Structures are given as structure tokens and as C-alpha cells.
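Following: one structure in C-alpha cells, then a few remarks.
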Amino acid sequence: MSNAVKDIGERLMAFLPNLRRFAISLCGSRDVADDLVQAACERALASAERFEPGTRFDAWMFRILRNLWVDQVRRQRTAGVQDDISERHDIAGSSGEREAEARLTLKTVAEAITELPQEQREVLLLVCVEELSYREAAEVMGIPIGTVMSRLARARKSLAEAAGITMTAARSHVMKGVKE
Amino acid sequence: MTRTDFSDEILMRFADGELDADTAAQVERAMETDDELVARVALFIETRQAARTAMKPLLDEPLPAELKAAVESMVAEKTSAQAASATVLPFPLRAANDRRANRWLTPVAASLAAVIAGFGGYWLRGSAEPAPEGGLRVAAIGSPALGEALATVAAGEERQLPGSDQRFRAIATFRDNAQALCREFELDSADRSTVVSVACRNGTEWRVTFAVVAPGSSGGYAPASSTETLDAYLAAIDAGAPLEAAEEAKALKELQGGQR
């Protein structure tokens, strides 16, 4: 008989930190994220035999988790929950003091990521942080690959602007990388 | 041939290693003489690096003990359940498959007032069709008002169904493994029960493929047990990711175009 469940279980445990990180950056709250991670694990185990060996386990898990999240947001919105959880952010774990400071100076990269629109933030997370290919990210989010690219480019330009990653500062770095 | 009019997107793909070899070679060549281009590429390399560095601490955070324990026990439970069924029930392959297909029904069905899973399903037509006699009364299923709502109400919106005391709430739109357009929705009745349902497009009709009647709860809003059943069902039909608002609007529009 298949070892699908056992195998998925092991991979799941090893993957929990990444899954949780993605969940936190999706919903902006650790508590909500932990529930979400748990629900995603449950669903993954229940449909373990649907995972195709040889495909990316991480992409499969991200898709499950993201679908649950999208559903949850819609349910809450229609149920008249006013406290929009997608607007609560504690990715950067920012204190009031830090927020005040950020208004005066440039934002940290983490803060700037937090403030990206959700659709840009998730694609940035999947491609730049979790290292999925554009194609894999498109499958996770159920959108065309062209949309992945346009959102990703926009995300990175606003990130650079907000966090003060300037082209000149960046340039010497790359020049080195390219010319050496 | 040299090109200097590279778009941001091309440069980003170059930085991410997602560009075809020919175009990548062109970018590389152009970068040798174009500092401005180098800087534009650098922006994408830097932002990738910066994002990864910024998100690293989140990965290093210790897992909350409760989360770890919950998932561990979930895994252990599933693993032992499978081991038990493998040794105690040496079913032939076909039987095993049947069991697998139905697994989603068993754990939560008991807690629900009713489960109507539409493998035989019934059809929503443009014209009124008599509701099935006796049994489950899911008033709006089968009504033209519901068909209309399915074809027009965007996910996240709700609407009172004309000529009925039910409220229709669109939850999501997605495609199933056969690429049919499906809508997940809820119907609240005056008696406070909520039907959690999925209808998929079949030709010019909606076919209800899944429905659970959740017992009444305050505020007419499906309790978790029924959505778990739904989740399992969606996994079983290999439902695609929910469509985004724009895509949903497009899909619904096409639907209406086809109808009229």
C-alpha cells in the first residue's frame, strides 16, 4: 500500500516553518496564521494521495494554504466582520515606536513588504523568498504567468522605492558580480 | 542585432533566470555597454536579495509548541489509521478507490443536518422546476432566481433572492478538474439554517454538485464542520484556486453572453 500519508506527514513537519512564514505574510497575524497552517496540514493529509510525486511539495502546500485563506477572507467579509484581518500586520513585529520612526525615515524592507498590496506581497513571497518559478507561483495563485510577472515587477519597484534600495547603490554590487 | 528597449519585465526575468537563452544573451550583451541597463537589472537582483533577508527571521522563529503538537498528532493519527486499514482491510484495488472517494463524507456528516452530494445531482434550469418531493427542502435550489444569482453575483457579495426569504452569498468561483466553471455559495434561510453549496456549469445550466445543510447558527453563517466537509469535497474534485475578481467577472460575463 502507498506510503503517501507517511511521506506527506514527514515532509509536512519539515516544511512547517516555511508554511507558517507564508501564512504570516498572507494574513499579517501570527494567531490567524497558526490556525491557517493547521487547517492546511489537515487538508493536505486528507488528500495526501492527490499529491503527485515529482512535483513540488512546497508549491502544493502553498496552494492549499492560500486557497483556505482566500476562502476565509471572503467568508468573513460576507459575514460582516468589520475587523479586516488582512489589514492587520505584524510581520515586522513593529512597535509603536518603530512605526513612528519609520514615518520619518525610510522603511525597513520587512515593513515595506508588509505594506505592499496583498496581490503583490504574495507573489514576491513565493518567487523571491520561497524561490518558486514564475510558472509554479502562477499555479499556486491560479493566475496567468503574465500577471505573475507584472505584479512581481510592480512589487519590486515599490519595495525598492519604499525601502530606499536605489539603483546607484545597487549598481556597484551588480557590476562587481557581472564583471568579475 | 542589439536591442536597447528592454522592458522592466524582461529585465526582471533576466535577473530571476526566467528568460530564454537567446534573449538573455541579448540582455547580457547590451549590459556590457549600457550602465543604465545594468542598474535596472540590479534593482531586481537587489530586491530579491533584500526580500529574502528581510523574511529570514520569520523562518528562524521557533514554532509555537501548540502548532507543532497539533500537526504532529494529526500526522500520527493519519499514519496509524492508514497502517490499520492497510493490514486489516486488504481490499482489492477497486474497493480501496471507492473508499477513498467517499472518505470526505464520513467524519463530519454526523454533525450535519443533511448532506446532499450531487453525484447524481439535479439540474437548475432557466425555467422553474418542481423541487423534489419530500426529503430535503433547499427551497432556492432549482429556482430561476438562484440561477440568476449564480451568474451575476460576485464572490464576496450577497443578495436577497427575489421572491424568497433566502439570502444568497457568493463565496468563490473556480474551475474544477474538467475546467467547468463552478461557484461556491451559501444560502441563508429564514429558519436560520445555511446551505453550503457548489454548483458547476454544465452547458447552459447550473448543476448543483454539492450541498450541505448546516444547522442554524446565530447570524446565519455556516459553522466550521460544514466548511470542512466542503474543503474535503473541493480537494476531491481537484478544485482550482479561486478566481480573482477580474477573472471571475470575465467568466460570468462570458456566461451571460452565451445565454442570451
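The values are calculated or read from the model by the stated rules, or taken from the named source; none is laboratory data. This is a predicted model, so every value here is computed, not measured. Quick reminder, even Gly has a Cβ in these numbers, built from the backbone with ideal geometry, and neighbours come from all protein chains shown.
Looking only at region A:117-131, residues that are more than 10 Å from every other protein chain (Cβ to nearest Cβ) and either free of Cβ contacts under 8 Å to residues at least 40 places away in the same chain or not in a helix (DSSP H, G or I) (or both) come to 3 in all. Whether a residue is more than 32 Å from the chain's Cα centre (by Cα), more than 9 Å from chain A (Cβ to nearest Cβ) and surrounded by fewer than 12 Cβ atoms within 10 Å (Cβ to Cβ) was assessed, and B:Ala21 passes this test.
A single member of A:Glu52, A:Glu99 is out of contact with any Leu (no Cβ under 9 Å at 6 or more places or on another chain), outside any helix (DSSP H, G or I) and at pLDDT below 95, and it is A:Glu52.
Listed by first and then second residue, the pairs with beta-carbon distance under 6 Å, at least 6 apart or on different chains, first residue in region B:155-172 and without any contact (Cβ under 8 Å) to a residue 60 or more places away in the chain, second assigned to a strand (DSSP E or B) and aliphatic (A, V, I, L, M), are B:Glu157/B:Ala170; B:Gln166/B:Leu187; B:Phe168/B:Leu187.
Report, by residue number, each residue of region B:154-172 that is part of a loop (DSSP other than H, G, I, E, B), within 17 Å of the chain's Cα centre (by Cα) and either outside the structural domain of B:Glu244 (by TED's automatic domain parsing) or at negative phi (or both). B:Ala154, B:Ala155, B:Glu157 - these are the residues of region B:154-172 that are part of a loop (DSSP other than H, G, I, E, B), within 17 Å of the chain's Cα centre (by Cα) and either outside the structural domain of B:Glu244 (by TED's automatic domain parsing) or at negative phi (or both). Taken together, the residues in region B:198-236 that are more than 10 Å from every other protein chain (Cβ to nearest Cβ), modelled with pLDDT under 85 and surrounded by 19 or more Cβ atoms within 10 Å (Cβ to Cβ) amount to 11. Of all the residues in region B:173-197, those that are within 14 Å of the chain's Cα centre (by Cα), in contact (Cβ under 8 Å) with a residue 12 or more places away in the chain and in a loop (DSSP other than H, G, I, E, B) number 3.
Could you say which residue among A:Ala155, A:Ala137, A:Ala163 is modelled with pLDDT under 95, over 19 Å from A:Val32 (Cβ atoms) and not assigned by TED's automatic domain parsing to the domain that holds A:Trp69?
It is A:Ala163.
Would it be correct to say that B:Arg48 is modelled with pLDDT of 95 or more and at the interface with another protein chain (Cβ under 8 Å from one of its Cβ atoms)? In short, yes. Answer yes or no as to whether A:Val73 is more than 13 Å from the chain's Cα centre (by Cα) and more than 19 Å from B:Thr229 (Cα to Cα). Taking the combined requirement at face value, the residue does not satisfy it.
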